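S.K.: Sharing a structure with you now.
We did not get these values from a lab; they are worked out from the coordinates using the rules stated. This one's a predicted model, so the numbers in the text were calculated from it and none came from an experiment. Counting neighbours? That spans all protein chains shown, and the Cβs are built from the backbone with ideal geometry, glycine included.
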Amino acid sequence: MAYKQLTPEKRYGLKAYMQAGFSIPEIAKELMVHRTTSYREIKRNTGKRGYRPKQAEMKTLERRHYSRKASRLTPDLVVRIVYLLRLDLSPEQVSGYLKQNHNINISHETIYQYVLSDKANGGDLYKHLRHASKKRKKRYGSNDKRGQIPGRVSIDKRPEIVDL
């Protein structure tokens, strides 16, 4: 079962089953939700006067309203991003700057995706990235040099005095 929040009807059912003395796993089975959903619902929404379905619904809607959403690439935001990239800031720095100074949440990955789409459309924003995105060539047949001691001498070539 996937994670999901309870509907108002299931919240009232949860309250009724709790008052009837059912255990949380039994309640979850009756409501046809995962038991962790029931545990999470009770933990998040139990106040000083116990679990109340109407209050739980209001708390849920309030949390959803105040949750921070990632910003979409609006034309105004794209202009800011392009300006900052042309100042040779990295996408990570652009993301941090926008969050700190303009309270705009946008991931550096979204900025990279925009730069790559710009490149595909013939743009030159990718030239302002610090690392050119080159394909790395896998080297076949090369010996692995990790863990090797430089200038080592084989055990067969040790002096005979060591064998005594």
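S.K.: Measure out, as a whole number of angstrom, how far apart the alpha-carbon centroids of region 10-36 and region 77-136 sit.
M.R.: 48 Å
S.K.: Find how much the distance from residue 105 to residue 145 grows on full extension, using 0.36 nm per residue of separation minus their present alpha carbon separation; answer in nm with one decimal.
M.R.: Working: separation 40, 0.36 × 40 = 14.40 nm, distance 4.33 nm.
This chain segment gains 10.1 nm when fully extended.
S.K.: Still on this structure: Quick check: pseudo-label points 7 Å beyond the Cα along Cα→Cβ at residue 152 and residue 126, how many nm apart are they?
M.R.: Placing both labels 7 Å beyond Cα along the Cβ direction yields 4.2 nm.
S.K.: Subtracting the Cα-Cα distance from 0.36 nm times the residue separation, let me have the gained length for residue 161 to residue 72 in nm, one decimal.
M.R.: 24.6 nm
S.K.: Something else now. Dipole of region 8-66, Cα-centred, from +1 at each Lys and Arg C-beta and -1 at each Asp and Glu C-beta, to the nearest 20 debye? Display every interim value, and only then the final one.
M.R.: Values: 15 positive and 6 negative charges, 61 e Å.
Once rounded to the nearest 20, the dipole reads 300 debye.
S.K.: Further, regarding this structure: Would you mind ranking 106, 81 so that the residue whose beta carbon has the fewest other beta carbons within 10 Å leads the list?
M.R.: Exposure proxy ranking, most exposed first: 106, 81.
S.K.: So what are the radius of gyration and Dmax for the Cα set of the chain, in Å?
M.R.: 29.8, 88
S.K.: Among 91, 150, 53, which one shows the highest mean-square fluctuation when the chain is modelled as a Gaussian network with alpha-carbon springs under 10 Å?
M.R.: Greatest mean-square fluctuation among the candidates belongs to 150.
S.K.: If you don't mind, another one. Could you tally the net charge around residue 94, taking each other residue with its Cβ under 11 Å from the Cβ of residue 94, Lys/Arg +1 and Asp/Glu -1?
M.R.: Neighbourhood net charge equals +1.
S.K.: Still on this model: Report, in listed order, any pair from 10/99; 29/54; 99/127; 59/99 with a Cα-Cα distance greater than 29 Å.
M.R.: Over 29 Å apart, Cα to Cα: 10/99.
S.K.: Take 58, 32 and order them by how many other Cβ atoms sit within 10 Å, fewest up front.
M.R.: Going from least to most buried by this count: 32, 58.
S.K.: Let me ask another. Nearest 0.05, what FRET efficiency do residue 40 and residue 88 give at R0 = 45 Å with Cβ-Cβ as r?
M.R.: Taking R0 as 45 Å, the efficiency between residue 40 and residue 88 is 0.50.
S.K.: Residue separation times 0.36 nm, minus the C-alpha to C-alpha distance between residue 116 and residue 59: what's the value?
M.R.: 16.4 nm
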